[in-house]
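Notes follow the structure.
The values are calculated or read from the model by the stated rules, or taken from the named source; none is laboratory data. The model shown is predicted, which means the values in this text are computed figures rather than measured ones. Because the Cβ atoms are built from the backbone with ideal geometry, glycine has one as well, and the counts that use them run over all protein chains shown. Ligands, DNA and RNA are excluded from the accessible area calculation, which covers all protein heavy atoms including side chains. Shrake-Rupley method; radii C 1.70, N 1.55, O 1.52, S 1.80 Å.
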Amino acid sequence: MNGEKKQSESTGGRLYLAPMEGLTGYVYRDVFRELFGGADKYFTPFIGPAEKKVIRTRDRREIDPENNKETNTVPQIMTNRSEDFLYICRLLVKLGYREVNLNAGCPAGTVVSRHRGAGILGWPKELDQLLYGIFEGLETDPEISDSGLRVSVKTRLGLRSSEEFPALLEIYNRYPLSELIIHARTRSDFYEGKPDHEMFVEALKNSACPVCYNGDVNSLEDYREIVGLYGDRAESAVMIGRGVIAEPGLIREIRTGRKTEKHEWKKYVDTLFQRYREELDGDRHALMRMKEVWTYLGKQFPGRIRELKDLKKAANTAEYESAVMRIFLG
Ligand SMILES: Cc1cc2nc3c(=O)[nH]c(=O)nc-3n(C[C@H](O)[C@H](O)[C@H](O)COP(=O)(O)O)c2cc1C
């Protein structure tokens with residue numbers, strides 16, 4: 001969590017590891033940093049909602065400073081109630097955090113129907129009230145106001161259409177956000193279709209706070225295209241999710257030009273599996289996590305369709321390890 005120092009060590013624009021439920025938990029963040037490193041910020045998958053003021057044990061582990069010693073971690077909260085957001089903020093301040101992120105992008109049906117995540121984008125008044133409550137609390141709550149806690153938002157461009165974005169941006173611009181991270185899609189897009197770069201450029205032009213791009217950056221070329229959108233505006237910031245799970249060396253390649261070697265992928269999956277087995281309750285959970293990682297990493301092995309299928313079906317550690325060995329053979 002001593003990230004302020006690490007942030008200034010990086011060269012070029014800022015690069016963030018995206019929050020991904022089931023993927024970028026603290027074990028992943030730490031292994032990724034240790035083996036490939038280079039991200040300026042590491043966002044936690046969303047925490048909350050903390051209804052009845054209860055934070056799940058799982059979420060507590062995510063934010064435990066012990067589990068975030070080396071990464072500049074930004075906890076993400078998903079709620080549409082400012083009092084719940086502030087409740088978690090008080091805890092985060094005590095733990096030493098200096099930035100917290102609001103999730104206004106999750107497209108899941110059960111989330112959206114409750115006006116949370118991307119759902120809140122369809123209810124601009126509620127979004128405005130939520131931000132008002134949060135920023136009023138930041139100023140007036142004695143447990144938070146002196147901490148210098150910053151609030152960033154991760155948003156989509158709208159619920160159904162990017163055309164909703166200018167009005168949403170007007171709302172965001174009323175508040176002193178530390179950063180606006182834009183997954184350049186709408187909720188209706190889920191993860192499909194091409195991100196709307198044109199609307200992102202509009203956001204760059206009109207946002208009152210720094211803007212970070214997110215969506216489909218899977219290669220150095222994709223990254224360069226996005227940096228091109230910034231032109232000679234402020235320093236670029238790009239958040240990468242699936243691209244890093246599939247190619248954990250991507251951020252390093254962007255920074256240094258160095259390509260990942262096959263043995264590094266092997267070490268990546270072996271270390272992750274070992275750490276998950278140590279941290280999670282039983283190998284079954286560790287296997288599930290690894291299968292999720294392989295749904296992305298598998299793209300690096302187009303000639304190993306059968307072995308990847310075996311891996312997906314693996315019922316125990318022995319079957320999993322045998323499939324991994326065969327994937328890396330030759
Ligand atoms: C499995 C999965 C889980 C995700 N979990 C979260 C989450 O907890 N919070 C969030 O803001 N976004 C979440 N996202 C969205 C990503 O952070 C990111 O916005 C999206 O994947 C687009 O970026 P990418 O193309 O670089 O992956 C998730 C995406 C996926 C595929």
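For every residue, the table says whether it meets (1) closer than 23 Å to Ala39 by Cβ; (2) crowded, with 24+ Cβ neighbours inside 10 Å; (3) within 15 Å of the ligand (Cβ to nearest atom); (4) among the hydroxyl-bearing types (Ser, Thr, Tyr).
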residue	(1), (2), (3), (4)
Met78	yes, yes, yes, no
Ser82	no, no, no, yes
Phe85	no, yes, yes, no
Cys106	yes, no, yes, no
Gly109	no, no, yes, no
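Looking at (1) more than 20 Å from the chain's Cα centre (by Cα); (2) over 17 Å from Gly25 (Cα atoms); (3) of a type in the set (D, E, K, R), can you tell me which one Glu278 breaks?
(2)
May I ask you to say which residue of Tyr276, Tyr268, Tyr223 is touching a helix residue (DSSP H, G or I) at 6+ places or on another chain (Cβ under 7 Å) and under 27 Å from Gly158 (Cβ atoms)? Steps first, please.
On the way: Tyr276 fails: under 27 Å from Gly158 (Cβ atoms); Tyr268 fails: under 27 Å from Gly158 (Cβ atoms).
Result: Tyr223 is the single residue among Tyr276, Tyr268, Tyr223 that is touching a helix residue (DSSP H, G or I) at 6+ places or on another chain (Cβ under 7 Å) and under 27 Å from Gly158 (Cβ atoms).
Can you spot a residue in the stretch 257-278 that is at negative phi, modelled with pLDDT of 95 or more, open to solvent by 30 Å² or more (accessible area, probe 1.4 Å) and within 13 Å of the ligand (Cβ to nearest atom)?
No: the stretch 257-278 contains no residue that is at negative phi, modelled with pLDDT of 95 or more, open to solvent by 30 Å² or more (accessible area, probe 1.4 Å) and within 13 Å of the ligand (Cβ to nearest atom).
Pairs needed: first member in the stretch 223-252, more than 11 Å from the ligand (Cβ to nearest atom); second member anywhere, among the charged types (D, E, K, R) and part of a helix (DSSP H, G or I); C-beta distance under 7 Å; at least 6 residues apart or different chains.
Gly249/Glu264
Test Asp281 against the stated conditions and say whether it is at pLDDT below 95 and open to solvent by 10 Å² or more (accessible area, probe 1.4 Å).
Against the criterion (at pLDDT below 95 and open to solvent by 10 Å² or more (accessible area, probe 1.4 Å)), Asp281 qualifies.
In this structure, is Ala118 at pLDDT 95 or above and within 13 Å of the ligand (Cβ to nearest atom)?
On the way: at pLDDT 95 or above: yes; within 13 Å of the ligand (Cβ to nearest atom): yes.
So Ala118 passes the test.
Name every residue in the stretch 1-52 that is aliphatic (A, V, I, L, M) and either at pLDDT 65 or above or under 15 Å from Ile240 (Cβ atoms) (or both), in order of residue number. Break it down stepwise before answering.
The first filter runs over the stretch 1-52 and keeps only residues aliphatic (A, V, I, L, M), leaving 1, 15, 17-18, 20, 23, 27, 31, 35, 39, 47, 50.
Correct list: Leu15, Leu17, Ala18, Met20, Leu23, Val27, Val31, Leu35, Ala39, Ile47.
Kindly establish whether Glu319 is part of a helix (DSSP H, G or I) and under 30 Å from Ser178 (Cα atoms). Before you say what the answer is, go through the steps one by one.
On the way: part of a helix (DSSP H, G or I): yes; under 30 Å from Ser178 (Cα atoms): no.
It is false that Glu319 is part of a helix (DSSP H, G or I) and under 30 Å from Ser178 (Cα atoms).
Considering only the stretch 61-162, give the helices (runs of 4 or more DSSP H) lying wholly within it that have at least 1 residues that are closer than 24 Å to Pro195 by Cβ.
Result: 109-112, 124-140.
With the requirement that a residue be open to solvent by less than 40 Å² (accessible area, probe 1.4 Å), more than 25 Å from Thr260 (Cα to Cα) and more than 13 Å from the ligand (Cβ to nearest atom), what does the stretch 201-222 give you? Reasoning before the result, please.
First pass over the stretch 201-222, keeping only residues open to solvent by less than 40 Å² (accessible area, probe 1.4 Å): 201, 203-204, 207, 209, 211-215, 217, 219-220.
Still in the list and also more than 25 Å from Thr260 (Cα to Cα): 201, 203-204, 207, 209, 211-212.
Hits for the stretch 201-222 are Val201, Ala203, Leu204, Ser207, Cys209, Val211.
Conditions first: (1) open to solvent by 10 Å² or more (accessible area, probe 1.4 Å); (2) more than 17 Å from the chain's Cα centre (by Cα). Ile226 passes all but one, so which condition is the exception?
(1)
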